[in-house]
1. Out of contact with any helix residue (DSSP H, G or I) (no Cβ under 9 Å at 6 or more places or on another chain) and at pLDDT 90 or above, is that true of residue B:172?
2. Among the numbered conditions (1) over 25 Å from residue B:133 (Cα atoms); (2) within 13 Å of chain A (Cβ to nearest Cβ); (3) not in a loop (DSSP other than H, G, I, E, B), tell me where residue B:97 comes up short.
3. Go through the range B:128-155 residue by residue and tally those that are farther than 10 Å from residue B:90 by Cα and acidic (Asp, Glu).
4. Which members of the range A:73-88 meet the condition of being out of contact with any Phe, Trp or Tyr (no Cβ under 7 Å at 6 or more places or on another chain) and farther than 16 Å from residue A:46 by Cβ?
5. Exactly one condition in (1) free of Cβ contacts under 8 Å to residues at least 12 places away in the same chain; (2) within 14 Å of another protein chain (Cβ to nearest Cβ) is false for residue B:161; which is it?
6. Condition first: surrounded by fewer than 19 Cβ atoms within 10 Å (Cβ to Cβ), within 14 Å of chain A (Cβ to nearest Cβ) and part of a loop (DSSP other than H, G, I, E, B). Can you find one or more residues in the range B:137-144 that meet it?
7. Out of the strands (runs of 3 or more DSSP E) lying entirely within the range B:1-54, which hold 3 or more residues that are surrounded by fewer than 22 Cβ atoms within 10 Å (Cβ to Cβ)?
8. Out of everything in the range B:55-66 that is more than 14 Å from chain A (Cβ to nearest Cβ) and surrounded by fewer than 19 Cβ atoms within 10 Å (Cβ to Cβ), what residue ends up being nearest to residue B:161 (Cα to Cα)?
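The values are calculated or read from the model by the stated rules, or taken from the named source; none is laboratory data. Because the structure is a prediction, the values reported are computed rather than measured. Every residue, glycine among them, receives a Cβ derived from its backbone with ideal geometry; neighbour counts consider all protein chains shown.
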Amino acid sequence: MNQLYDLLIGPFADFAFMKRGLVACLALALGAGPVGVFLVLRRMSLIGDTMAHSVLPGAAIGFMLAGLSLPAMGLGGFLAGLLVALISGLVSRYTHQKEDASFAAFFMISLALGVLLVSTHGSTVDLMHVLFGTILAVDDAALMLMAGVATVSLLLFAVIYRPLVAECFDSAFLRSVGGKGGLVHTLFLMLVVLNMVSGFQALGTLMAVGLMMLPAVAARFWVRQVWSLAAVASLVAFISGYAGLVLSYRFDLPSGPAIVLTAGMLYLVSLLIGPRGGLISNRTRQRHLAH
Amino acid sequence: MSMTSIVTLQDLTVAYERHPAIHHISGSFAQGSLTAIVGPNGAGKSTLIKTIIGLLSPAQGKVTLNGMKAADAAFLPQSTTIDDSFPISVMDVVLMGLWRKVGAFRSIGRKERKIALDALALVGLAEFEGRNFGSLSAGQRQRVLFARLVAADSPLILLDEPFTALDARTTLDLLRLVQSWHEQGRTVIAVLHDFEQVRRFFPDSLLLARELIAWGPTETVLTADNLKKARAMSEAWDEDAEICLGIGE
């Protein structure tokens, strides 16, 4: 019993940085769950990745101006991400180029610019910090930012839920009845960028997307409604955060990859045993049909 | 014509990147008419219907709706534009038809649910409300989308290829529903491919080949001569051909 306590609860009771890390995971999970689910539903799974990298130059400029301060880097990253999303949207609107192609172009420009800025004005350590994050170094300011982002995300999702679902399901219909599909799409992209920024302090720009996408695609094997998908995705994200922290503490692993790998494991388990189209449930259903 | 028109097109031209998809179309749909839009592939049939509903803007000319806004019309997009694996219940899809009344924020109560349930019963899907849209067959999904149109209760209904890839039974049931809308005095405009279907069920037709070939009673529109003319025009199309100089930017 004591051993179990030492493994599962002890680290969080004894160390403030573990406690903060856990709270950060909860905040991240609440926002990342619904964001990831809607990214998947909009068939923008890979665009999330793209957006994550595009925040880098903004974060780097924030770092150059204010040092290792999350509000400055966060604001810079948020503006850079929004700018890339906006320009890509405009390009796809006014030329024949599709949104994913223009996204890819601008994020590469943005990422290269970011790496250039960080490596000329910072050290390799800083670059590693921005790319991979350190959830165990989350300070109070960062925690407030994450909690704020989670709160804003959940409130805004509640406001735009109905039009966002309609827009994802059948955007032509929503536009035909005068629904503000474009506005809803823009607000949603803003939430994506906001949650990226919130995630990069803890997990880094490379890993932040993992905590959005893996729980969202895992949830698909458990439930079949948009709201329940979002809830399950948040739950999976939080479990991944908790288990990832425990593993990283116990085996002295870097926390970001440990969290995202745990989410990956949960995805693979869902893929296998999920009751909604998981591999095992599909097989047993086929066997029933064969009789 | 003595009847009042509900949709009037005046010299309507719609272009994609300055290449006209349809040009210089004028005429009107009478209130309560049942019209099929037909023509070869690439003739601009979907473009025309999307412009009427306001999804595309004319490069030149205009669409006038009589006594209603475009947002009050009920529209069925091509089924390929809808994500059929989307995690949504049948009930929620049908309730979307009430958008004009409930919009993004107003609550959905017993009255709205009753409208949706009645609409489902009308398309032969009573007690399907709790099912997942993605778990249905293609025919059942199209019935659900027709129930959404029923729930919208609009005087003007626009259908973009409503019967493509459907089984014969579903097609016939849904055609009967379209006829009942016609009998109730609603105006229905549908993009169709099957000329036999059009001759049997649609009193009026509009034959399109980027330009208007003919518009009026179906038997005077779907003549051998007109169809030959439409086909000849479609064979002459070249995607990178003329930029219509008549279009102002």
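1. Numbers: out of contact with any helix residue (DSSP H, G or I) (no Cβ under 9 Å at 6 or more places or on another chain): yes; at pLDDT 90 or above: yes.
Yes; evaluated as a whole, the condition is true for this residue.
2. Condition (1) is where residue B:97 drops out.
3. Within the range B:128-155, residues that are farther than 10 Å from residue B:90 by Cα and acidic (Asp, Glu) number 1.
4. Keep residues of the range A:73-88 that are out of contact with any Phe, Trp or Tyr (no Cβ under 7 Å at 6 or more places or on another chain), which gives A:74-76, A:78-83, A:85-86.
Hits for the range A:73-88 are A:74, A:75, A:76, A:78, A:79, A:80, A:82, A:83, A:86.
5. Only one criterion is unmet by residue B:161, namely (1).
6. no
7. Numbers: elements: B:5-16, B:19-30, B:34-38.
Output list reads B:5-16, B:19-30.
8. Taking the range B:55-66 and keeping what is more than 14 Å from chain A (Cβ to nearest Cβ), we get B:58-62, B:64, B:66.
Those still in the list that are surrounded by fewer than 19 Cβ atoms within 10 Å (Cβ to Cβ) too: B:58, B:60-62, B:64, B:66.
Details: B:58: 21, B:60: 25, B:61: 25, B:62: 23, B:64: 23, B:66: 25 Å.
Applying the filter and picking the extreme gives B:58.
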